[in-house]
2 protein chains.
Amino acid sequence: MHNTSWDKLFTNVRLATMVEGGDPYGMIDARCLAVQRGQIAWIGTYEDLSNFNIPERCERIDLGNRWMTPGLVDCHTHLVYGGNRAEEFEMALNGLSYEEIAKRGGGIISTVTETRKSSEDTLLEASQPRLNESMAGGVTTIEIKSGYGLDLETEIKMLEVAKKLGAGNPIRVRKTFLGAHALPPEYKENSHGYMDKVCKEMLPTAHALELVDAVDAFCENIAFSVDEVRQLFKVAEQLNIPIKLHAEQLSNLHGAELAANFKALSADHLEYLDEAGVKAMAAHGTVAVLLPGAFYFLRESQQPPLDLLREYGVPIALATDCNPGSSPITSPQLVMNMAAILFRMTPEEALAGFTRNGARALGLLEEIGTLETGKQADFAVWNIDHPAELTYRIGSTPLYQRYFSGNAS
Amino acid sequence: MHNTSWDKLFTNVRLATMVEGGDPYGMIDARCLAVQRGQIAWIGTYEDLSNFNIPERCERIDLGNRWMTPGLVDCHTHLVYGGNRAEEFEMALNGLSYEEIAKRGGGIISTVTETRKSSEDTLLEASQPRLNESMAGGVTTIEIKSGYGLDLETEIKMLEVAKKLGAGNPIRVRKTFLGAHALPPEYKENSHGYMDKVCKEMLPTAHALELVDAVDAFCENIAFSVDEVRQLFKVAEQLNIPIKLHAEQLSNLHGAELAANFKALSADHLEYLDEAGVKAMAAHGTVAVLLPGAFYFLRESQQPPLDLLREYGVPIALATDCNPGSSPITSPQLVMNMAAILFRMTPEEALAGFTRNGARALGLLEEIGTLETGKQADFAVWNIDHPAELTYRIGSTPLYQRYFSGNAS
């Protein structure tokens, strides 16, 4: 008999561990899982269980033969922002051109304006309902980017709000500095000047305040060039900050290759990624983060190179890309379905995208993303008969219970 | 002063009445709405309100400046069915052909098999969670079709289940007989024989049991011909049963024109509808029910003729088409968003599709579908700043409270 100090024992549960290489979804025969001090202490069968002395105080939870998966990881969001773009959405559908909408104050700059003028409390209050929706969808780890400030003060304010959201809710928040998201009006036609400011002032300041878990940029003709992004990445490298990149969404600037050469955690979007880029990502372990919500919302037609990513073994993550302009979505299930319908990803790939590979895209695979002994006890328990249902059904979430660090919430 | 017998008085509410012809969304300045015996008794301003004597017992509800719309109407669903098609969905994404999937028992026949062998209680239990999701999305009236029995006993069982769902929940259920949904295995290559049975035995029996609010059929090369459908409609006409039709989804058989000539309530799907069909529908007041969920799920590319429908003034309804094979969706908001993104419908058209025109497609516009004195007090109250948000955001529902016949539920 082995003595234990378990805090919680889950029984009568079907486990989709999402561990790679075994049965689909990492399904195993074990029906029991024990938690100790917020971590997975043990996974096994009823037979194995009889070998353990379980303390009286250990809470026993019968999950009624439900499915448990790792808590979901949403590895790419712009969840903190001010304002609302619903009316702009309506203007476009009523036939107004993007030029006319921009004249009326629409576009990303409208979100920048609203975010700049929102107090920290207002931003917190606006973002909390979106975070609630995310948690209600089974998310236990979320990445939140800055990038609607485009000035030092507002970028820091956004990261502070992200930090407070993490402190005030049962969810792990990773903060990404995205000062190089778009060119602020003050630097019109002077992107070099703005990138200088980002590199010399904004990123180092935010980093010194311990607000930066990763740095990101938007590498695109309408945003920043490969050379500008390289300048930023060099600074990140000196500061030892992990790198991510919005790359190849609207054209192929070879940003993913640049990012991979800097050993980036991930390159995201990737509709226009070519084989050279895929090879570079595979060589450096850079995760491909696909964002079908934006693909859907923007009515894009260029498909990301899914077969090449599979062929070269690049891990594929999915994320909501929650943002007011091109992906007003907080639901992982909906994004998993879009990945299946629009990109032809399988339900297993889709769930791996929101667990194991989402964790990888945040550099957190050693702590979360699979159900394995020693990992954080972040779980989602579902009212489903089969894990494929998580990708199949849409518009509703079958979440039964969410556990963060072993606690129901 | 006017004496009243009001039961409930809602104040501090913004009203999107969805009445046609005035301001967008039928918005009005009035901020007060009174309910008496489950119906809307009065709508007016605070100034008008001072002219009424309100009884002591009248409940007063301050809605905190939220938006109220008519309760949503989902006018085309197959919500009652047995089994689950998630694994078949997964097989297709794992590369199995439809032939192979059919060999393994997949396709509509798998749902027929499961529905036939499910008891009435099992079907009720399977359908209740879907109805709960529908209600959580703001739906107060739902149409439910038979059509997974394809034999007398099971078709009646499905309609009985639909009836019980209506009796047991705060929602109005309309039952549509869809015996001519597909050819049952027993009548393989004998669709005339099956249609004879539908016309001579199944429909008259279900009608005599008072289980049929409307009759529907699937007019398509893979289902029933125009001549067969005409035979059915003649019987419906004799029995004085309103008519609906699945038409022009995969090809143009001119089914919508046939339906319109029978003064059908609606023709549904309509991707391949042509101008002659649109004209016929306009002439006979037949509603066009568009189903973007199935369009999305089946990855169709043929767009329904939205501009022609607008030009000829055909009322356009939307519905979830909730079904296990091609639209596993219960969320009106998601379908409204798909109508905007995929078909370029405006947010106002989308909301009209789930209110006024959904009611029209069920022949219920005199009772529901708009906020007007004398109509049923079916409301949805929303946590939104503008009605366009209902179409803009997806994957979560901002419903604050739902009222059915004046009661919160």
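The values are calculated or read from the model by the stated rules, or taken from the named source; none is laboratory data. All values derive from a computational prediction rather than experimental measurement. Here Cβ is always computed from backbone atoms with ideal geometry, including for glycine, and neighbour counts include all displayed protein chains.
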Residue hits (segment A:130-187; farther than 21 Å from A:Ser327 by Cα and polar (S, T, N, Q)) are A:Thr154, A:Asn169
Quick check on my filter: what residues within segment A:61-78 are assigned to a strand (DSSP E or B), more than 16 Å from A:Ile316 (Cα to Cα) and not acidic (Asp, Glu)?
A:Ile61, A:Leu63, A:Gly64, A:Asn65, A:Arg66, A:Trp67, A:Met68, A:Thr69, A:Pro70
Residue match in segment A:187-201 (condition: under 21 Å from the mean Cα position of the chain (by Cα) and not assigned by TED's automatic domain parsing to the domain that holds A:Gln401)
no
Conditions: (1) without any contact (Cβ under 8 Å) to a residue 40 or more places away in the chain; (2) crowded, with 23+ Cβ neighbours inside 10 Å; (3) in a helix (DSSP H, G or I). A:Ala34 meets all but one. Number of the miss?
(3)
Being farther than 22 Å from A:Ser396 by Cβ and among the aliphatic types (A, V, I, L, M), is that true of even one residue in segment A:315-326?
yes
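To keep it simple, each residue is scored yes or no on (1) farther than 29 Å from A:Leu63 by Cβ; (2) surrounded by 19 or more Cβ atoms within 10 Å (Cβ to Cβ).
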residue: A:Ser301; (1), (2): yes, no
residue: A:Leu309; (1), (2): yes, yes
residue: A:Gln333; (1), (2): no, yes
residue: A:Arg344; (1), (2): yes, no
residue: A:Ala380; (1), (2): no, yes
Within segment B:112-156, which residues are touching a Phe, Trp or Tyr at 6+ places or on another chain (Cβ under 6 Å) and either closer than 15 Å to B:Thr77 by Cα or not assigned by TED's automatic domain parsing to the domain that holds B:Ala180 (or both)?
B:Thr140, B:Ser146, B:Tyr148
Tell me which of these A:Thr397 doesn't satisfy, since it passes every other one: (1) facing chain B (nearest Cβ under 9 Å); (2) modelled with pLDDT of 95 or more; (3) in a loop (DSSP other than H, G, I, E, B).
(2)
Please report, ordered by residue number, the strands (runs of 3 or more DSSP E) entirely within segment A:224-343 with at least 2 residues that are in contact with a helix residue (DSSP H, G or I) (Cβ under 9 Å, 6 or more places away or on another chain), away from chain B (no Cβ under 14 Å) and not aliphatic (A, V, I, L, M).
A:244-247, A:266-269
How about segment A:289-340: which of its residues are without any contact (Cβ under 8 Å) to a residue 12 or more places away in the chain and of a type in the set (Gly, Ala, Ser)?
A:Ser301
Among the residues of segment B:219-239, is any of a type in the set (Ser, Thr, Tyr), within 20 Å of B:Leu362 (Cα to Cα) and touching a residue at least 12 places away in the same chain (Cβ under 8 Å)?
no
Got at least one residue in segment B:96-107 being modelled with pLDDT of 95 or more, in a helix (DSSP H, G or I), within 14 Å of chain A (Cβ to nearest Cβ) and more than 25 Å from B:Leu245 (Cβ to Cβ)?
no
Can you pull out every residue in segment B:1-26 that is in contact (Cβ under 8 Å) with a residue 12 or more places away in the chain and under 27 Å from the mean Cα position of the chain (by Cα)?
B:Val13, B:Arg14, B:Leu15, B:Ala16, B:Thr17, B:Met18, B:Val19, B:Glu20, B:Pro24, B:Tyr25, B:Gly26
Taking segment B:108-134 only, how many residues are at pLDDT 95 or above, surrounded by fewer than 21 Cβ atoms within 10 Å (Cβ to Cβ) and aliphatic (A, V, I, L, M)?
2
Can you find, within segment A:59-95, the residue that is farthest from A:Ala388 (Cα to Cα) among those that are away from chain B (no Cβ under 14 Å) and surrounded by fewer than 16 Cβ atoms within 10 Å (Cβ to Cβ)?
A:Glu59
Taking A:Thr77 as the residue in question, decide whether it is within 30 Å of A:Arg116 (Cα to Cα) and of a type outside the set (A, V, I, L, M).
yes
Would segment A:243-257 turn up any residue that is under 19 Å from A:Leu362 (Cα atoms), in contact with a strand residue (DSSP E or B) (Cβ under 6 Å, 6 or more places away or on another chain), without any contact (Cβ under 8 Å) to a residue 24 or more places away in the chain and buried (at least 24 other Cβ atoms within 10 Å of the Cβ)?
no
Matching residues in segment B:138-171 - criterion: being farther than 30 Å from B:Met195 by Cα and either surrounded by fewer than 24 Cβ atoms within 10 Å (Cβ to Cβ) or modelled with pLDDT under 95 (or both)
B:Ala167, B:Gly168, B:Asn169, B:Pro170, B:Ile171
Could you tell me which numbered condition B:Ser50 fails, if it satisfies all but one of (1) of a type in the set (S, T, N, Q); (2) free of Cβ contacts under 8 Å to residues at least 40 places away in the same chain; (3) under 30 Å from B:Ala162 (Cβ atoms)?
(3)
Being in a helix (DSSP H, G or I) and at the interface with chain A (Cβ under 9 Å from one of its Cβ atoms) is the filter here; which residues of segment B:351-392 pass it?
B:Glu389, B:Leu390, B:Thr391, B:Tyr392
